[in-house]
1. Would you be able to tell me the number of residues in the range 14-37 that are in contact (Cβ under 8 Å) with a residue 40 or more places away in the chain and open to solvent by less than 30 Å² (accessible area, probe 1.4 Å)?
2. With the requirement that a residue be part of a loop (DSSP other than H, G, I, E, B) and on the phi > 0 side of the Ramachandran plot, what does the range 72-103 give you?
3. For residues that are touching a residue at least 24 places away in the same chain (Cβ under 8 Å) and either more than 18 Å from the chain's Cα centre (by Cα) or open to solvent by 40 Å² or more (accessible area, probe 1.4 Å) (or both), tally how many sit in the range 153-166.
4. Give the range 27-59 a look and list any residue that's over 30 Å from PRO132 (Cα atoms) and either modelled with pLDDT under 85 or not polar (S, T, N, Q) (or both), or say none.
5. Looking at (1) open to solvent by less than 40 Å² (accessible area, probe 1.4 Å); (2) of a type outside the set (D, E, K, R); (3) touching a Pro at 6+ places or on another chain (Cβ under 7 Å), which is the only condition LEU111 fails?
6. Could you tell me how many of the residues in the range 141-152 are surrounded by 18 or more Cβ atoms within 10 Å (Cβ to Cβ) and within 21 Å of MET90 (Cα to Cα)?
7. Taking ARG11 as the residue in question, decide whether it is of a type in the set (D, E, K, R), more than 27 Å from VAL140 (Cα to Cα) and open to solvent by 60 Å² or more (accessible area, probe 1.4 Å).
8. Is one or more of the residues making up the range 88-103 more than 21 Å from SER28 (Cβ to Cβ) and aromatic (Phe, Trp, Tyr)?
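The values are calculated or read from the model by the stated rules, or taken from the named source; none is laboratory data. Note that the structure is predicted; figures quoted are calculated from it, not measured. Note: ideal-geometry Cβ built from the backbone for every residue, glycine included; neighbour counts use all protein chains shown. Side chains are part of the model used for accessible areas, which takes the heavy atoms of the whole protein and leaves out ligands, DNA and RNA. Shrake-Rupley method; radii C 1.70, N 1.55, O 1.52, S 1.80 Å.
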Amino acid sequence: MRSIDLYYQHRIDTRVPIEITIKYIGLSEASASTIRRAHAVHPITVVQLEWSLWSRDVEDEIVPTCRELGIGIVAYSPLGRGFLSLGLKMAENLAEGDFRQNLPRFLPENLENNKMFYERVSAIAVKKGCTPSQLALAWVHHQGKDVVPIPGSTKIENLQQNIGALSVKLTPQDMAELESSLGLETTATFDPQTDEFVLDSPTLTSSKASNMKWIVLI
């Protein structure tokens, strides 16, 4: 499906005011230019993107664009797809068929660099009296009130640990120490061709969309 040409409420729900039937629109994994184009058509409320200590490329263009336009940010994979929870133990025990096995950052030849990355996070977490995953989540929480991380979890104990990250307070000095001590060189094993999902929408003139006709099915 190329697009949703027409979205409408087929039957009026007499229990719900029409003003709140559709309240907000969001995008996921969109480039900065695509966000601007979409926002020009209809206000975008939130953009979902991958943002963590391990994945910070969105800070160059996408995050500034969202903030310029007043768009909230939902940060998925704030624990580096699980690596910032357990480090090598997690990477070495991926189940057969787990898609992360094919991501460059989880390949054996890249794990040594990423092992050092995790060890640095762990060392700072010890000083802050929290777990590495709590520190990683706290770092995302401290990016601003317009940012909401959404860590995934299938276990109650992990959920409780994630909630505990809200109690981890990081000063500007803590943030600076964390970012400078980690550095970006440890994330060089990130392949944007296969390990990134931010996409740019084609322009109307370059796609078949400009020639599409509306079809309304009743």
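1. Of the residues in the range 14-37, 3 are in contact (Cβ under 8 Å) with a residue 40 or more places away in the chain and open to solvent by less than 30 Å² (accessible area, probe 1.4 Å).
2. Result: SER77, GLY87, GLY97.
3. Selection size over the range 153-166: 4.
4. The answer is ALA32, ILE35, ARG36, ARG37, ALA38, HIS39, ALA40, VAL41, HIS42, PRO43, ILE44.
5. (3) is the only condition that LEU111 fails.
6. 2
7. Taking the combined requirement at face value, the residue satisfies it.
8. Among the residues of the range 88-103, not one is more than 21 Å from SER28 (Cβ to Cβ) and aromatic (Phe, Trp, Tyr), which makes the answer no.
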